[in-house]
Amino acid sequence: MSLLELEGVHKRYTDKSGERVVLRDVSLRAEAGDLVVVWGLRCSGRSTLLRVAAGIEPPDGGVVRFDGHDLISHGERLLGGGIGYCQKTLRFADGQSALDHAMVGLLSRWVSPTKARSLALEALERVGAGHCARMTQRELSSAEAMRVALARTLALKPRLVAIDEPVKGVELIDRDPILSLLRSLADEGLTVLASTGESTGLSQADRGLILGDGELRGAPPPAPATVVPLRRGIERQASG
Amino acid sequence: MRSPVNWALLGLIIEQPSYAYNLAQRFERRYGEVLPLSNIGHIYTALGMLGGRSLITEIPGTRAGRQPKPHYRATALGVKEYRQWLVGQVGEDRRRNQLFVLALAALSNEPEQVLEVMAGYEQAWLSEGMRTPIARVHDAAADSASALLSRLTEEENRLAVGAKLEWIEYARQELKKLRGLVRRA
């Protein structure tokens, strides 16, 4: 059983111009410690895929499971628990600092302010944004804003992080440290599912996938190794 | 002069005038598998070619001694032509891209086959993108010229992967339309 499983997922939107299929029979699996990156053009549906995978948006068809649980019926409970969804767009309240922002998710789950502050600071340090704790949104660079957004998600100790466009709008020279951070989080056992519209975001991913015309393409995950029971071999040897 | 080895060698001489054996060693360090040398004789041939075109010249007095090591330096013409060659690489990239599309046209009667080739091509570029290393955090003190060179190379590669993936996505859409037309016909 994989940590995250999408099977035959369909998703379509209807607007003035008609119906648009954004996910067409999409299947995806991710294990603990995987860094999976989905590349796609603008409006390809990569953000939708992430929201569906994180249980934020229900699919029109197919199955989404996290740790064996159907996300369609358990989504609300798992989001913020086992699953973290990180979008880059930060919306601090007036006068709010990065630390306040990183504490929001914890406080909304009735974690005590002292504990929330400690966990948020730990998360900010982990993502290399400890120095941003007192900064307001306007004082953050785009790379720092990404780190703060990630800290807010990580403070909740998820097992899977779905992160939308981690390097979008980030200066070319500041992208690698963010990619390196995502790689290190995956190496520590966190499952990272990222979307990207820039090929830079694919670097060192365990699996790269392409979303286009509603189809998810790319190399399938390696098949689990066939386990041959040792005992049977020994028995055969003994009987031979 | 079409051989990239000759141009690469000229670049090394511009960077630092030297003698054949040292140039061969620097060539292998710099270009490695990107531009493999068949043997050191290749360097002597290239030096002859560059000298014959007055792109390099022997430094006077370096042929003396029991073990003469003639050193070479680039001429003003050599530097000028080298710079022109570098800019001209744009044309090389364009020719390479054209070659792929023209060769693909051989399968145009079978859109399904073209789409299969495109799928393989897409996968190859995707793998290339994933293989590209993440540059280490910049450390001004330890940031040597070779580290900078490596970062620049990788960044160009990553951006090229993006451009290819976008082109493939566009081509797939067009090919799907073509397949529809062929089926209707």
Name the pairs: first residue in the stretch A:39-58 and more than 12 Å from chain B (Cβ to nearest Cβ) and in a helix (DSSP H, G or I), second residue open to solvent by less than 10 Å² (accessible area, probe 1.4 Å) and basic (Lys, Arg), Cβ to Cβ under 9 Å, at least 6 apart or on different chains?
none
Across the stretch A:153-187, what is the number of residues that are farther than 30 Å from residue A:69 by Cα and in contact (Cβ under 8 Å) with a residue 40 or more places away in the chain?
3
So, in the stretch A:146-198, exactly how many residues are in a helix (DSSP H, G or I) and farther than 20 Å from residue A:105 by Cα?
15
Could you list, in sequence order, all residues of the stretch B:120-135 that are more than 7 Å from every other protein chain (Cβ to nearest Cβ) and more than 25 Å from residue A:181 (Cα to Cα)?
B:120, B:121, B:124
Residues of the stretch A:108-127 being closer than 18 Å to residue A:184 by Cβ and open to solvent by 40 Å² or more (accessible area, probe 1.4 Å), in sequence order, are A:122, A:125, A:126
Number of the exception - residue B:109 against (1) in a loop (DSSP other than H, G, I, E, B); (2) not assigned by TED's automatic domain parsing to the domain that holds residue B:178:
(2)
Could you list all residues from the stretch A:1-23 that are among the basic types (Lys, Arg) and either at pLDDT 90 or above or open to solvent by less than 70 Å² (accessible area, probe 1.4 Å) (or both)?
A:11, A:12
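Condition check: in contact with a Gly (Cβ under 9 Å, 6 or more places away or on another chain) and touching a residue at least 12 places away in the same chain (Cβ under 8 Å). Does residue B:43 satisfy that?
Details: in contact with a Gly (Cβ under 9 Å, 6 or more places away or on another chain): no; touching a residue at least 12 places away in the same chain (Cβ under 8 Å): yes.
Answer is no for this residue.
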Residues of the stretch A:59-93 satisfying the condition of being modelled with pLDDT under 75 and charged (D, E, K, R)
A:76, A:77, A:88
Residues satisfying the stated conditions in the stretch A:151-181, i.e. away from chain B (no Cβ under 13 Å) and within 23 Å of residue B:153 (Cβ to Cβ)
A:170
Pairs please, first residue from the stretch A:191-214 and farther than 12 Å from residue A:164 by Cβ and within 8 Å of chain B (Cβ to nearest Cβ), second anywhere and open to solvent by less than 10 Å² (accessible area, probe 1.4 Å) and in a loop (DSSP other than H, G, I, E, B), Cβ atoms under 8 Å, 6+ apart in sequence or on different chains.
A:198/A:167; A:200/A:167; A:202/B:132; A:203/B:132; A:204/B:132
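The values are calculated or read from the model by the stated rules, or taken from the named source; none is laboratory data. Here the structure is a predicted model, which means the values were calculated and not measured. Every residue, glycine as well, gets a Cβ built from its backbone with ideal geometry; the counts of neighbours run over all protein chains shown. These accessible areas exclude ligands, DNA and RNA; they are computed on the full protein's heavy atoms, side chains included. Shrake-Rupley method; radii C 1.70, N 1.55, O 1.52, S 1.80 Å.
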